[in-house]
Amino acid sequence: MTRLKSLLRIPRHQLRNLIKITRGFPLTTPSLGSATLDLDDVEIARSLLKNHSAWNDQSKVIEYETQFAQWNGSKFAFAFMSGRVALSACIYALALQRGDEVIIPGYTCVVVPNAFTYEGVKPIFVDIELDTYGIDVQQIQKVITKKTKAIMLHHLYGLVCRDYEAIVNLARKFNLKVIEDCAHATGAEYKGKKVGNLGDVAFYSSEQSKVFNTIQGGICVTSCNDLARRMSEFYGIAPLPDEGWIEKQLTTLILNYYCCKDPHRWWKADVAEVCYGSARIESTTREEEKGIKPLNYGYKMAPPIAEIGMNQIKKIDHYNELRRITARKWDQWCMENNYKKPLIVDGSNPVYLRYPIIVEEEKKQDLSWAYKDLGVIPGIWFVSNLHPIGVHLTECINANRAVECCINLPCLK
Ligand SMILES: *Cc1c(COP(=O)(O)O)cnc(C)c1O
């Protein structure tokens, strides 16, 4: 967006704010992204933008990986520029080959199956259950073939997958590897351990809409020495992004703070758009939506981003606790309004990246009721089986119901 365009939008925005005030509606609504950014993150980003002297200091990244691994209770961690690339590192670590099949949930982001198809590995989509939106263990066994090499489960919206242990046990029985997609669930626990430690490999995301935030970022973990050796091989040849890209990320962080988090964002967002709007980065490109591997795919995490990451690690527990408190409020609302609460699996402690509920289809299509009644604008993850592209997997009946009726309430202010 050009500076002129964002300037021209200000009168329209502020007119809208005036209307909100006169009608008694809230000026700002809780953000669905970048809500874990604070002024200290902005300060770090600003000082990094001013001073490039430590931009090549790889020890910062190692420090970040070590801190994450320790906090997460995993033996090894490797940081990349996105969760999807961290998944690619998992795929490499497991030595999945062209022609192999991997069972994955038919309700995910398109970048997930992409990471497999880039390597010629075939994703086999399986339906989810509607208690936690996880892959349904009952459906998995039906599609295991001689070519199946792994199962990928996910902990969606920060809930711990209902069939977590059953899926891992099934995989062990059939000698299959388990990948855990923890992109929504950093910090969620099952039987006292962080998710991502029951399977063979796992990945997490610090993209701007996830549990913690480096604008873009991902990290994969394993506690197996052999798999870690292969992960580190992949990591060793991954390129570093150029300085222009890093600058854009740090600038987007400042922009997002003022648009999504600052208490006065009703006007500061407009100013920030004028100052920094041109730097905004998109998390998924058109190419990726078409299943094409972008030329610059596969970056590892850059040292300045790892510095932001370390500051964010300190806050994950705090923000996850706040999310849990909000979730109790949404529980109450569900009970009063006859909607089903998401399931808390026995022995689990979810992090509620968002609070998912199945509502009437019309209520997903037109969300204005939520703004009027609840003062929030819900998220609509996911809008298709392979969000956001228009793929329809007919056989995934529950996933399709979620596509039509699942909205997600914000859990941070
Ligand atoms: C966001 C997301 C990813 C990918 O993470 P990026 O850091 O954006 O690459 C993977 N799986 C799920 C379920 C996600 O929502």
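The values are calculated or read from the model by the stated rules, or taken from the named source; none is laboratory data. Values in this document were obtained by computation on a predicted structure and should not be read as measured data. Don't worry about glycine lacking a Cβ; one is built from the backbone with ideal geometry, like all the others, and counts go over all protein chains shown. These area figures cover heavy atoms from the full protein model, side chains too; ligands, DNA and RNA do not enter into them. Shrake-Rupley method; radii C 1.70, N 1.55, O 1.52, S 1.80 Å.
Numbers below:
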{"quantity": "Of residues in segment 158-191 being open to solvent by 70 Å² or more (accessible area, probe 1.4 Å) and touching a residue at least 12 places away in the same chain (Cβ under 8 Å), the one nearest to ILE135 (Cα to Cα)", "calculated": "ARG162"}
{"quantity": "Flag for ALA35 being modelled with pLDDT of 95 or more, closer than 30 Å to ALA188 by Cβ, surrounded by 15 or more Cβ atoms within 10 Å (Cβ to Cβ) and touching a helix residue (DSSP H, G or I) at 6+ places or on another chain (Cβ under 8 Å)", "calculated": "yes"}
{"quantity": "Elements of type helices (runs of 4 or more DSSP H) contained in segment 205-312, each with 1 or more residues being more than 16 Å from the ligand (Cβ to nearest atom), touching a strand residue (DSSP E or B) at 6+ places or on another chain (Cβ under 6 Å) and touching a residue at least 60 places away in the same chain (Cβ under 8 Å)", "calculated": "225-237"}
{"quantity": "Residue among ILE103, ILE128 that is in contact with a Gly (Cβ under 8 Å, 6 or more places away or on another chain), crowded, with 18+ Cβ neighbours inside 10 Å and of a type in the set (A, V, I, L, M, F, W, C)", "calculated": "ILE128"}
{"quantity": "Pairs with Cβ under 9 Å, 6+ apart, first in segment 72-96 and without any contact (Cβ under 8 Å) to a residue 24 or more places away in the chain, second open to solvent by 10 Å² or more (accessible area, probe 1.4 Å)", "calculated": "none"}
{"quantity": "Some residue of segment 206-215 being under 25 Å from GLU101 (Cβ atoms) and surrounded by 21 or more Cβ atoms within 10 Å (Cβ to Cβ)", "calculated": "no"}
{"quantity": "Qualifying position, being at pLDDT below 95 and either under 26 Å from ALA202 (Cα atoms) or open to solvent by less than 50 Å² (accessible area, probe 1.4 Å) (or both), among ALA238, ALA279", "calculated": "ALA279"}
{"quantity": "Test: residue in segment 131-153 that is open to solvent by less than 10 Å² (accessible area, probe 1.4 Å) and within 30 Å of LEU240 (Cβ to Cβ)", "calculated": "yes"}
{"quantity": "Whichever residue in segment 69-97 is of a type outside the set (Gly, Ala, Ser) and under 13 Å from GLY217 (Cα atoms) and, among such residues, is nearest to the ligand (Cβ to nearest atom)", "calculated": "ARG84"}
{"quantity": "Residues being over 21 Å from ASN408 (Cβ atoms), in contact with a strand residue (DSSP E or B) (Cβ under 7 Å, 6 or more places away or on another chain) and more than 15 Å from the ligand (Cβ to nearest atom) - total across segment 164-188", "calculated": "6"}
{"quantity": "Test set (1) in contact (Cβ under 8 Å) with a residue 24 or more places away in the chain; (2) farther than 30 Å from LEU409 by Cβ - LYS50 fails condition number", "calculated": "(1)"}
{"quantity": "From the options ILE104, ILE144, ILE140, residue that is among the aliphatic types (A, V, I, L, M) and within 17 Å of the chain's Cα centre (by Cα)", "calculated": "ILE104"}
{"quantity": "Flag if VAL42 is more than 16 Å from the ligand (Cβ to nearest atom), in contact with a helix residue (DSSP H, G or I) (Cβ under 8 Å, 6 or more places away or on another chain) and open to solvent by less than 10 Å² (accessible area, probe 1.4 Å)", "calculated": "yes"}
{"quantity": "Subset of segment 341-351 [open to solvent by 40 Å² or more (accessible area, probe 1.4 Å) and either in contact with a helix residue (DSSP H, G or I) (Cβ under 7 Å, 6 or more places away or on another chain) or farther than 26 Å from THR186 by Cβ (or both)]", "calculated": "LYS341"}
{"quantity": "Any hit, segment 328-335, residues being aliphatic (A, V, I, L, M) and either open to solvent by less than 20 Å² (accessible area, probe 1.4 Å) or under 24 Å from ASP41 (Cα atoms) (or both)", "calculated": "no"}
{"quantity": "Filtered residues of segment 352-375 (kept if open to solvent by 10 Å² or more (accessible area, probe 1.4 Å), part of a helix (DSSP H, G or I) and free of Cβ contacts under 8 Å to residues at least 40 places away in the same chain)", "calculated": "GLU362, GLN365, SER368, TRP369, ASP373"}
{"quantity": "Residue list for segment 389-403, filter: touching a residue at least 12 places away in the same chain (Cβ under 8 Å) and not hydrophobic (A, V, I, L, M, F, W, C)", "calculated": "GLU395, ASN398, ASN400, ARG401"}
{"quantity": "Residue under evaluation ALA327, criteria (1) under 28 Å from GLU247 (Cα atoms); (2) part of a helix (DSSP H, G or I), criterion not met", "calculated": "(1)"}
